[in-house]
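Colleague: I have a structure here, written as structure tokens, and I will follow up with some questions on it.
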Amino acid sequence: MQKTLSIIKPDGVSKKLIGEVVRVFDSAGFRVAAMKMKSLSRTEAEGFYYVHKERPFFTELVEFMTSGPVVVMVLEGDDVIKRNREIMGATDPAEAAPGTIRARWADSKQNNIIHGSDSEESAKFEISYFFSEIEIF
Ligand code: CMP
């Protein structure tokens, strides 16, 4: 079984989409192995997105990710990294396939409701960034 990290971003929380998103994951057959709500500090957001630190949108991304609480989750399932990214849809909601989370609810490339790890390597880093072993069920 593979694991991935999912974050319902501040826009997803403020739009009251926590339940909708978890329902999508349950319906897909993913198992929620860990979940917590937290406010990211600037340092935490910068560290999480360090791979994007040279991108022009980095400062705004950090502002956005620290603008309100997020819900971080560990999801488990067969091929869950790839399947979760399919279910989320493309980063830009205008390009996201119909029925995906971002096509349904996202407003922009930045305010795109949800994050999901993009590889086994990033899933390992991202899960350990937010959860210790004993918090993962
Ligand atoms: P996420 O999957 O969390 O990974 C990096 C995030 O940066 C991405 O979702 C978006 O929220 C944001 N992002 C990516 N590309 C752009 C862009 N061109 N403009 C603004 N924000 C972006």
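Colleague: Return the pair list, or none, for Cβ contacts closer than 8 Å from residues in segment 85-96 that are touching a residue at least 40 places away in the same chain (Cβ under 8 Å) to residues that are in a helix (DSSP H, G or I), at least 6 apart or on different chains.
Modeller: 87/24; 87/25; 87/28; 87/101
Colleague: Right, here's the next one. Applying the selection to segment 1-22, what residues are without any contact (Cβ under 8 Å) to a residue 60 or more places away in the chain and either aliphatic (A, V, I, L, M) or within 14 Å of the ligand (Cβ to nearest atom) (or both)?
Modeller: First, pick out the residues of segment 1-22 that are without any contact (Cβ under 8 Å) to a residue 60 or more places away in the chain: 13-14, 16, 18-19, 22.
The answer is 13, 18, 22.
Colleague: If you take the residues in segment 101-121 that are more than 13 Å from the ligand (Cβ to nearest atom) and not small (Gly, Ala, Ser), which one is nearest to residue 49 (Cα to Cα)?
Modeller: Taking the candidates together, the pick is 121.
Colleague: Something else about it: Within segment 25-52, restricting attention to residues that are of a type in the set (A, V, I, L, M) and away from the ligand (no atom under 16 Å from the Cβ), which residue is surrounded by the fewest Cβ atoms within 10 Å (Cβ to Cβ)?
Modeller: Let us first name the residues in segment 25-52 that are of a type in the set (A, V, I, L, M), namely 28, 32-35, 37, 40, 45, 51.
Pick out the ones that are also away from the ligand (no atom under 16 Å from the Cβ) and you get 28, 32-35, 37.
Working: 28: 14, 32: 14, 33: 18, 34: 19, 35: 17, 37: 11.
Among residues in segment 25-52 that are of a type in the set (A, V, I, L, M) and away from the ligand (no atom under 16 Å from the Cβ), the one surrounded by the fewest Cβ atoms within 10 Å (Cβ to Cβ) is 37.
Colleague: Turning to a different aspect of this structure: Quick one: count up the residues across segment 49-63 that are part of a loop (DSSP other than H, G, I, E, B) and either of a type in the set (S, T, N, Q) or within 17 Å of residue 116 (Cβ to Cβ) (or both).
Modeller: So in segment 49-63, the residues part of a loop (DSSP other than H, G, I, E, B) come out as 49, 53-57.
After this cut, where a residue has to be either of a type in the set (S, T, N, Q) or within 17 Å of residue 116 (Cβ to Cβ) (or both) as well, the list is 49.
So the answer is 1.
Colleague: Same structure again: Just a yes or no: is a residue in segment 101-122 within 22 Å of residue 17 (Cα to Cα), in contact with a helix residue (DSSP H, G or I) (Cβ under 7 Å, 6 or more places away or on another chain), part of a loop (DSSP other than H, G, I, E, B) and β-branched (Val, Ile, Thr)?
Modeller: Yes; the residues of segment 101-122 include at least one that is within 22 Å of residue 17 (Cα to Cα), in contact with a helix residue (DSSP H, G or I) (Cβ under 7 Å, 6 or more places away or on another chain), part of a loop (DSSP other than H, G, I, E, B) and β-branched (Val, Ile, Thr).
Colleague: Tell me, which residue of segment 1-20 that is among the charged types (D, E, K, R) and touching a helix residue (DSSP H, G or I) at 6+ places or on another chain (Cβ under 7 Å) is surrounded by the most Cβ atoms within 10 Å (Cβ to Cβ)? Spell out the reasoning first.
Modeller: Residues of segment 1-20 among the charged types (D, E, K, R): 3, 9, 11, 15-16, 20.
Narrowing further to those that are touching a helix residue (DSSP H, G or I) at 6+ places or on another chain (Cβ under 7 Å): 3, 9, 15.
On the way: 3: 22, 9: 25, 15: 16.
Filtering first and then ranking leaves 9.
Colleague: Another question, then. Find the residue count for segment 23-50, including only residues that are out of contact with any Leu (no Cβ under 9 Å at 6 or more places or on another chain), among the β-branched types (Val, Ile, Thr) and free of Cβ contacts under 8 Å to residues at least 60 places away in the same chain.
Modeller: 1
Colleague: Kindly provide the set of residues from segment 67-100 that are more than 11 Å from the ligand (Cβ to nearest atom) and in a loop (DSSP other than H, G, I, E, B), ordered by number.
Modeller: Once the filter is applied, which keeps residues that are more than 11 Å from the ligand (Cβ to nearest atom) and in a loop (DSSP other than H, G, I, E, B), segment 67-100 yields 67, 68, 69, 78, 79, 96, 97, 98, 99, 100.
Here, each number is a calculation from the coordinates, and none is a lab measurement. A quick note: this is a predicted structure, and the numbers were derived from the prediction, not measured. No Cβ is skipped: glycine too gets one built from the backbone with ideal geometry, and neighbour counts run over all protein chains shown.
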